[in-house]
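*Asks:* Structure below; questions to follow.
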Amino acid sequence: MKINITKKEYQLFLDMVYLSDWVLHAHSEERTEGKKPYKELEQKILAFANEFGMEEMVERNEKSGEHFLNKRFTTNSQIVKHIENFENATFWEELIERLARRDFIKKYGEEAILQMSISERFEKEMSFHQEYHKEFGENGLDNLRIHNL
């Protein structure tokens with residue numbers, strides 16, 4: 001199959017390649033066998049940079065032969081900003097979710113929670129979510145403290 005894309009679409013494709021690489025490797029340098037097909041497709045896509053006049057954004061390591069998106073790409077692409085926005089939102093949602101769940105279990109206990117209806121569970125746990133949303137919305141991390149530190 002052949003897919004025809006414009007230079008602008010190729011730029012978006014590079015953004016998507018960068019995004020997928022970020023998801024796969026941002027928290028792990030490990031290159032496992034399960035990630036190998038993604039790396040192979042990434043290399044195939046990056047190899048077309050010259051054909052789209054984007055050689056200034058993709059470099060090739062002469063020793064390994066691998067292509068990679070360079071600093072010029074990340075400077076010119078909006079994808080980094082999208083990643084930052086995603087990570088910021090994820091941080092707050094995960095923090096609130098985990099603290100609310102912890103406090104919900106601490107207050108009611110696992111056994112009592114298992115006896116609650118779904119709607120009762122949801123209602124009671126959501127009150128913790130609301131408290132943390134309000135607190136972090138007003139104060140950020142300013143009031144967050146870890147005991148014994």
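The values are calculated or read from the model by the stated rules, or taken from the named source; none is laboratory data. Small disclaimer: the values here were computed from a predicted structure and weren't measured. Cβ sites come from the backbone with ideal geometry, for glycine too, and all protein chains shown count toward neighbours. These area figures cover heavy atoms from the full protein model, side chains too; ligands, DNA and RNA do not enter into them. Shrake-Rupley method; radii C 1.70, N 1.55, O 1.52, S 1.80 Å.
*Asks:* Which angle between 0 and 90 degrees, to the nearest 10, do you get for helix 79-108 versus the longest principal axis of the chain when only C-alpha atoms count?
*Replies:* Tilt of helix 79-108: around 20 degrees.
*Asks:* Given the DSSP H assignment, sum -39500 (n - 2.57) over each helix run of at least 4 residues in the chain and divide by its residue total; what's the result at 222 nm in deg cm²/dmol, nearest 500?
*Replies:* The helix contribution divided over the chain gives -21000 deg cm²/dmol.
*Asks:* Seen from all sides and averaged, what is the projected area of the convex hull of the Cα atoms in segment 1-98, in nm²?
*Replies:* Averaged projected hull area, Cα only: 8.2 nm².
*Asks:* Using only Cα atoms, find the angle between the long axis of helix 36-46 and the longest principal axis of the chain, and express it within 0 to 90 degrees, rounded to the nearest 10.
*Replies:* 50 degrees
*Asks:* May I ask which residue of Ser119, Gly65, Phe91 lies farthest towards the positive end of the charge dipole of the chain, with charges of +1 (Lys, Arg) and -1 (Asp, Glu) on Cβ and the Cα centre as origin?
*Replies:* The one lying farthest along the dipole's positive direction is Gly65.
*Asks:* Right, something else. Return one whole number: the accessible area per residue of the chain in Å², for a 1.4 Å probe.
*Replies:* For the chain, the solvent-accessible area averages 78 Å² per residue.
*Asks:* Follow-up. Of the candidates Glu110, Glu40, Glu84, which one comes out as most mobile in a Gaussian network treatment of the chain with C-alpha springs shorter than 10 Å?
*Replies:* Of Glu110, Glu40, Glu84, the most mobile in the Gaussian network model is Glu110.
*Asks:* How high is the relative contact order of the chain, in percent, with contacts defined as C-alpha pairs under 8 Å that are six or more residues apart?
*Replies:* RCO, the chain: 16 percent.
*Asks:* For a protection proxy built on the mean count of beta-carbon atoms within 10 angstrom, sort 118-130, 137-149 highest first, please.
*Replies:* In decreasing order of mean packing, 118-130, 137-149 become 118-130, 137-149.
*Asks:* Here's something else I'd like to know. Dividing the Cα radius of gyration by the Kirkwood radius, what Rg/Rh value follows for segment 38-149?
*Replies:* Here the Rg-to-Rh quotient is 1.26.
*Asks:* If I compute solvent accessible area with a 1.4 Å probe over the protein chains, what percent of it on the chain is carbon and sulfur?
*Replies:* 55 percent
*Asks:* With springs connecting C-alpha atoms under 10 Å apart, model the chain as a Gaussian network and identify which of Met16, Met57, Met116 has the largest mean-square fluctuation.
*Replies:* Met116
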